[in-house]
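**Student:** Input: one structure, supplied below.
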């Protein structure tokens, strides 16, 4: 018996020039905020951008973007919602605000279902907000999405970086391209992360300040893009060598 | 009798086509098209890998949980068929959905009738959202396994080499 869905995933993503998985070894480092702000920043630069919230059990990008009802349309597949200049898909459109407890096999099935049935169309960037860690979602995306690149987020904490080292190690072993590592919530000058990233043979993309004002902007994307966090993120993004768009 | 049946089937397929073409009805029936595309793409790959000159028969199973409209799926398949399997017979069979609680071991059958339209629609698009809408009837746990009847899969492809 054969699951036919995987056979169509390449076709669904054939017009997407850059698929960027925003990932980390642990939760709470600001992946969703980074992924959402990255997507918005690129969209404001007139790129065609999609944002896919793959953190099925703890989705939060809809809160950052201030979305109450971002239900995709259905027309021979799932047509992403259009929000703030982005094409957007989150499982919240289907699970609403209810808890969605999923085990690994269920996560894989839901990922394959959405990759097989979502019609992203022509995009310069598809930004994927990943769940933390190196379990099912990470392994499935590496297996199913050709040309995927990872952008890894950490904090200055040695605890966070220890988990990031494992993620980077896995990506190296599987020969998955890594755009680089961003150090988020930086409070004081410290070269711990950048030194360790360089020692591991990866690129440090820079650091983002711990900006308490960001929390106040949740749900207001214009205010979010005015924060020091977003401005520094835009500087970092401008230096990343993405695929030509 | 057979003629009448053919006529009704044709009329129904014509209606489906109009619905799909004009987009009068969004949602429920449209998802079948995406699944049909996946099936066609998969059969095409199988035919190529197996060196089949012509595909004669494709057996497809559809899990009850996803609430796929079989007639619409068959119509989409007939519209999407490629030259290599334009004469192939596609048979689609529904498999009952059975669930088992991991907490207490209770087994039960999925019933769409117990769901409101929004919940049923969510499960149609992403069957795993069933964990948000259904609980074990015995102990109330959302931690259950879908034993059978999830999604769409190809059981066999028969062809000529």
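The values are calculated or read from the model by the stated rules, or taken from the named source; none is laboratory data. Predicted, not measured: the structure shown is a model, and the values here were computed from it. Positions of Cβ are generated from backbone atoms using ideal geometry, with glycine treated the same way; all protein chains shown enter the neighbour counts.
**Student:** Among the candidates A:219, A:180, A:201, A:206, which residue alone is free of Cβ contacts under 8 Å to residues at least 40 places away in the same chain and either within 29 Å of residue A:48 (Cβ to Cβ) or outside any loop (DSSP other than H, G, I, E, B) (or both)?
**Tutor:** A:206
**Student:** Shifting gears a bit: Select from segment B:47-58 the residues that are in contact with a strand residue (DSSP E or B) (Cβ under 7 Å, 6 or more places away or on another chain) and either closer than 20 Å to residue B:73 by Cα or more than 14 Å from chain A (Cβ to nearest Cβ) (or both) and list them in ascending order.
**Tutor:** Selection gives B:52, B:53, B:54, B:55, B:56, B:57, B:58.
**Student:** Scanning for something away from chain A (no Cβ under 13 Å) and under 21 Å from residue B:119 (Cβ atoms), does segment B:32-39 turn up at least one residue?
**Tutor:** For segment B:32-39, residues away from chain A (no Cβ under 13 Å) and under 21 Å from residue B:119 (Cβ atoms): absent.
**Student:** Quick check on segment A:165-177: of everything there that is in a helix (DSSP H, G or I) and closer than 21 Å to residue A:242 by Cβ, which residue is farthest from the chain's Cα centre (by Cα)?
**Tutor:** Out of the qualifying residues, it is A:172.
**Student:** Return yes when residue A:2 is free of Cβ contacts under 8 Å to residues at least 24 places away in the same chain, touching a helix residue (DSSP H, G or I) at 6+ places or on another chain (Cβ under 9 Å) and within 14 Å of another protein chain (Cβ to nearest Cβ) and no when it is not.
**Tutor:** yes
**Student:** Taking the condition of being surrounded by fewer than 19 Cβ atoms within 10 Å (Cβ to Cβ) and more than 7 Å from chain B (Cβ to nearest Cβ), how many residues in segment A:100-111 meet it?
**Tutor:** Here the count works out to 3.
**Student:** Please tell me if residue A:151 is surrounded by 24 or more Cβ atoms within 10 Å (Cβ to Cβ) and at pLDDT 95 or above.
**Tutor:** yes
**Student:** Would you call residue A:132 at negative phi and within 14 Å of another protein chain (Cβ to nearest Cβ)?
**Tutor:** In short, no.
**Student:** In this structure, does residue B:145 turn out to be within 11 Å of another protein chain (Cβ to nearest Cβ) and in a helix (DSSP H, G or I)?
**Tutor:** no
**Student:** Do you know which of the residues in segment A:65-83 that are away from chain B (no Cβ under 14 Å) and out of contact with any strand residue (DSSP E or B) (no Cβ under 8 Å at 6 or more places or on another chain) is surrounded by the fewest Cβ atoms within 10 Å (Cβ to Cβ)?
**Tutor:** A:68
**Student:** Next question. Can you pull out every residue in segment B:112-141 that is under 19 Å from residue A:105 (Cα atoms), assigned to a helix (DSSP H, G or I) and over 18 Å from the mean Cα position of the chain (by Cα)?
**Tutor:** B:131, B:132, B:133
**Student:** Just the residues that are part of a strand (DSSP E or B) and exposed (fewer than 13 other Cβ atoms within 10 Å of the Cβ), please, taken from segment B:92-111.
**Tutor:** Hits for segment B:92-111 are B:93, B:109.
**Student:** While we're on this one: Can you confirm whether residue B:151 is at pLDDT below 95, surrounded by 15 or more Cβ atoms within 10 Å (Cβ to Cβ) and either closer than 25 Å to residue A:90 by Cβ or facing chain A (nearest Cβ under 9 Å) (or both)?
**Tutor:** yes
**Student:** While we're here: Against the condition more than 9 Å from chain A (Cβ to nearest Cβ), without any contact (Cβ under 8 Å) to a residue 24 or more places away in the chain, more than 30 Å from residue B:48 (Cα to Cα) and surrounded by 17 or more Cβ atoms within 10 Å (Cβ to Cβ), how does residue B:115 come out, does it pass?
**Tutor:** Yes, satisfied.
**Student:** Residues of segment B:82-91 being in a loop (DSSP other than H, G, I, E, B) and either surrounded by fewer than 17 Cβ atoms within 10 Å (Cβ to Cβ) or at pLDDT 95 or above (or both), which ones?
**Tutor:** B:82, B:86, B:87
**Student:** Sort out which residues of segment A:96-105 are modelled with pLDDT of 95 or more and in contact with a strand residue (DSSP E or B) (Cβ under 9 Å, 6 or more places away or on another chain), and write them in order of number.
**Tutor:** Listed by number, the list holds a single entry, A:103.
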